[in-house]
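Chemist: Have a look at this one before I ask anything.
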Amino acid sequence: MLLKIQNKIEEVGNICTKLEEFCSIHNICEKKAYDIVIIVDEMATNIINYAFPNGTEHHFTIEVKVEDDYVHIQLVDDGIPFNPLQKSKPNLDESLDSRPIGGLGIYLVKQLSDFVTYSRISGKNYLDILINTTEEEVNNGN
């Protein structure tokens, strides 16, 4: 499934609906389907909110496909360079009031994924995420 998304927050609901349909068609268990929706929701929202600071209309793509026992998600945008894997782990022991805003979503994506890579090629951000659909426990190598 290849989705071309405009950088508008209203698009996120449509993305999630299409992902749920994709997971249903491919018989992905409910827990893993939920993880996939959360991951893509978080990363798409980050692209929409932060990748294009000039506020002009842009498009980015989300490709989701089943490869053996994995779902492979690739998000590609031509926004500002940003490697979410370089974001430091948030201090989960701090109270919500004292924590800086941001960072929890990326941390969650890393926890729900089995493998995440980032690259910047020809002016585009590429984020590749693999989720094992056969394991009940997430084996996190991040």
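Chemist: Any residue that is farther than 18 Å from Leu127 by Cα, without any contact (Cβ under 8 Å) to a residue 24 or more places away in the chain, part of a helix (DSSP H, G or I) and in contact with a strand residue (DSSP E or B) (Cβ under 7 Å, 6 or more places away or on another chain) - is there at least one of those in the range 17-38?
Modeler: Yes; the residues of the range 17-38 include at least one that is farther than 18 Å from Leu127 by Cα, without any contact (Cβ under 8 Å) to a residue 24 or more places away in the chain, part of a helix (DSSP H, G or I) and in contact with a strand residue (DSSP E or B) (Cβ under 7 Å, 6 or more places away or on another chain).
Chemist: Please tell me if Leu75 is within 29 Å of Ser24 (Cα to Cα), open to solvent by less than 70 Å² (accessible area, probe 1.4 Å), at pLDDT 85 or above and out of contact with any helix residue (DSSP H, G or I) (no Cβ under 9 Å at 6 or more places or on another chain). Before the answer, list the steps.
Modeler: Numbers: within 29 Å of Ser24 (Cα to Cα): yes; open to solvent by less than 70 Å² (accessible area, probe 1.4 Å): yes; at pLDDT 85 or above: yes; out of contact with any helix residue (DSSP H, G or I) (no Cβ under 9 Å at 6 or more places or on another chain): no.
Criteria not met by Leu75.
The values are calculated or read from the model by the stated rules, or taken from the named source; none is laboratory data. This one's a predicted model, so the numbers in the text were calculated from it and none came from an experiment. FYI the Cβ positions are ideal-geometry reconstructions off the backbone, even for glycines, and counts take in every protein chain you see. The area values use the complete protein model at the heavy-atom level, side chains included, leaving out ligands, DNA and RNA. Shrake-Rupley method; radii C 1.70, N 1.55, O 1.52, S 1.80 Å.
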